[in-house]
Amino acid sequence: MEMLMAIAGIQGPSAIAAGIILGLAALGTGIGFGLLGGKFLESSARQPEMMNPLQGKFFIIAGLLDAVAMIGVVVALIMVFANPLLGSITNL
């Protein structure tokens, strides 16, 4: 019974932390894409001849921005399904 309580004591906060990680990753990506898209449209409107070079840079930065969110998803999945903190309760 003590082992089950210890497992629950680790998995509960880990699930909350995973939810916070996913929420902040989505929020940061949404804000980043909004700023990036706005600046791209603004610069394209000011200098239409620079639209093609800026579009390539836009997609590169968009991919990097999305990769940061995917790293957050991977960390959250590791905390939920392969929690490294559960190894600390084997000494009980």
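Just so it is clear, none of the values below were taken in a lab; they were calculated from the coordinates. A quick note: this is a predicted structure, and the numbers were derived from the prediction, not measured. No Cβ is skipped: glycine too gets one built from the backbone with ideal geometry, and neighbour counts run over all protein chains shown.
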*Out of all the residues in the stretch 3-23, is one or more assigned to a helix (DSSP H, G or I), touching a Gly at 6+ places or on another chain (Cβ under 8 Å) and under 30 Å from Asn83 (Cα atoms)?*
yes
*asked:* Given the criteria within 30 Å of Ala6 (Cβ to Cβ), among the β-branched types (Val, Ile, Thr) and assigned to a helix (DSSP H, G or I), does Val68 qualify?
replied: no
*Looking at the stretch 4-13, is at least one residue among the polar types (S, T, N, Q) and within 16 Å of the chain's Cα centre (by Cα)?*
no
*State yes or no: is Glu49 within 30 Å of Asn83 (Cα to Cα) and out of contact with any Ser or Thr (no Cβ under 7 Å at 6 or more places or on another chain)?*
no
*Looking only at the stretch 14-51, and only at residues there that are among the polar types (S, T, N, Q) and farther than 15 Å from Ile61 by Cβ, the one that is nearest to the chain's Cα centre (by Cα)*: Ser14
*Quick check: anything in the stretch 12-27 over 16 Å from Ile78 (Cβ atoms) and in contact with a Leu (Cβ under 7 Å, 6 or more places away or on another chain)?*
no
_Scan of the stretch 75-87 for residues that are in a helix (DSSP H, G or I) and surrounded by 11 or more Cβ atoms within 10 Å (Cβ to Cβ), ordered by number_ = Val75, Ala76, Leu77, Ile78, Met79, Val80, Leu85, Leu86
